[in-house]
Amino acid sequence: MPRASVEDSGRPLPELDASESRPVPLVLEHPVLKALLGAWALAACSAAETAAVEEHLGECGACADEALRLRGAVGLLHPVEPLDLDPGLRTRVLTGSFDRRPPRIPVPEWATPYDAETARLDALLQDIGDAEWHAPVRLRWFDGQAPTSRRTTVAGVIAHLLTVDGLVAKALGLDDPLGGEADKATTPTARTEAYWRASHFPPTHSIRTPWREQSHSIVRTVSFTGGSTGGLAVSYGDFELPLHDAMLDRAFECWVHAEDIADAVDYPYQPPSGRYLNRMIDLAARMLPAVLAERRRHGLASPGGRHLVAAGAPGRSLRLEIEGHGGGEWLISLDSPGAVGSAEHEVAHIALDGVEFCHLAAGHVSPEEAAAGQLGDREAIRDVLFATASLSRM
């Protein structure tokens, strides 16, 4: 039969020597302990060596100071990386997948920035807790003459995006989230205020579902039409944009307000991919001549050139140089929305970072502090910077 263990025999267990159960501490000389500090900082010491070094650090001030410096250096070797994925990763993965198997119903190229930015914002919303939906958010914009703001919550921001995206939904024949109030409120600000007033209670996390369903419906609808609806007019009350530009405008605002939400909940948020950011900057640059003309009619910009420029003819121009992310160059017509920007008629040149330019167009940066470099006609430079800030709205 197998031999029974001593625990099952009923006999008393032998006494253990306590000294044998404890590891024998290392006794090391000061030079050896000092030489181990680098390995200790990298967590490469054995348990016995770690115990010996840490006991020594409590007794030797010089080694303790050196250990702190080494730990700090190790921290620089291993910078903390954000958990969020690169904004361009989604685009690269989809592009690679579609190269292998093209989609039967592709999303039009001009709708992909909106599709990407709504997906990124939805991922952020998925990670925040219920209480953070009520975190205060201050919406900021430039009213044409000075900065202004409106206080709301994270849920209130999503309600704002829902109602303004509803302008695109309405143009596509989809349901308008405002319902019967849609005919009374035509501008983005009026629509948002009407939605907030009509709510019996402040918006909560439940607003995420209708916003996301609407964004999916918009992308699905423009995809099923084969992109042929790109020229459809979308009314913003005071002006109109073709659908392909309106979708780009909605992508831009989605990113800007996603940053507002991320700031409110103390969460890192990256700008869009360079390709999408370049398109957003291009839309703003194309809208600037009309905004300049509107500001001039209201006496908010300099009178402009002495001679009227015929539509399609070259006129005084400002070179807008965008550096870094989404960079490029644009020639902005200064005297007429119908004139053509011309390098031969360039009177001024400004340079801005791509993200900084977008923050200026969103009303988050002061026009006086935006340009990284300025050269030429000071009045033209001031007019373009203030016109860029005037593109913003709630």
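The values are calculated or read from the model by the stated rules, or taken from the named source; none is laboratory data. Quick caveat, the model's predicted, so the values are computed rather than measured. Note that we place each Cβ from the backbone using ideal geometry, even for glycine, and neighbour counts take in every protein chain shown. Calculation scope for accessible area: heavy atoms of the full protein, side chains included, ligands and nucleic acids excluded. Shrake-Rupley method; radii C 1.70, N 1.55, O 1.52, S 1.80 Å.
Per-residue extension of 0.36 nm, minus the Cα-Cα distance of LEU42 and SER366, leaves a gain of 112.1 nm for this segment.
Projected label points at VAL27 and GLU329, each 7 Å from Cα along the beta carbon direction, are separated by 7.7 nanometres. Per-residue Karplus couplings for segment 51-61, computed as 6.51 cos²θ - 1.76 cosθ + 1.60 with θ equal to phi - 60°, are listed in order as 5, 5, 5, 5, 5, 5, 5, x, 10, 10, x Hz, Gly and Pro entered as x.
The GNM of the chain, with springs linking C-alpha atoms under 10 angstrom apart, assigns the highest mean-square fluctuation among ARG220, ARG69, ARG104 to ARG69. The mean accessible area for residues of the chain, using a 1.4 Å probe and ignoring ligands and nucleic acids, is 54 Å² per residue.
Diffusion coefficient of the chain by Stokes-Einstein, Kirkwood radius over Cα pairs, 25 °C, 0.890 mPa s: 96 µm²/s. Our helix-only sum for the chain, with -39,500 (n - 2.57) per DSSP H run of n ≥ 4 divided by its residues, gives a mean residue ellipticity at 222 nm of -14500 deg cm²/dmol.
Residue separation of ALA119 and ARG151 scaled by 0.36 nm, minus their Cα-Cα distance, works out to 9.0 nm of gained length. Taking only Cα atoms and a 10 Å spring cutoff, compute GNM fluctuations for the chain and point out the largest among VAL93, VAL137, VAL32. Maximum among the listed residues: VAL32. Computed from label points 7 Å out along Cα-Cβ, the spacing between GLU213 and LEU174 is 1.2 nm. The angle between the Cα long axis of helix 89-100 and the longest principal axis of the Cα atoms of the chain comes to about 80 degrees, rounded to the nearest 10. For segment 253-394, the Cα-based Rg and Dmax, in that order, read 15.3, 52 Å. Within the chain, DSSP assigns beta bridges of which about 70% are antiparallel (rounded to the nearest 5).
Using R0 = 35 Å, the C-beta based FRET efficiency linking SER228 and ARG286 works out to 0.95.
Packing, taken as the mean count of other beta carbons within 10 Å per residue, orders the peptides 231-237, 196-202 from highest to lowest as 231-237, 196-202. Taking other residues whose beta carbon is less than 9 angstrom from the beta carbon of ARG319, and scoring Lys, Arg as +1 and Asp, Glu as -1, yields -3.
The portion of the accessible surface of segment 163-212 made up by carbon and sulfur, rounded to a whole percent, is 54 (1.4 Å probe; DNA, RNA and ligands excluded). Unpaired Cys in the chain, meaning no second Cys C-beta under 4.7 Å: CYS45, CYS254, CYS358.
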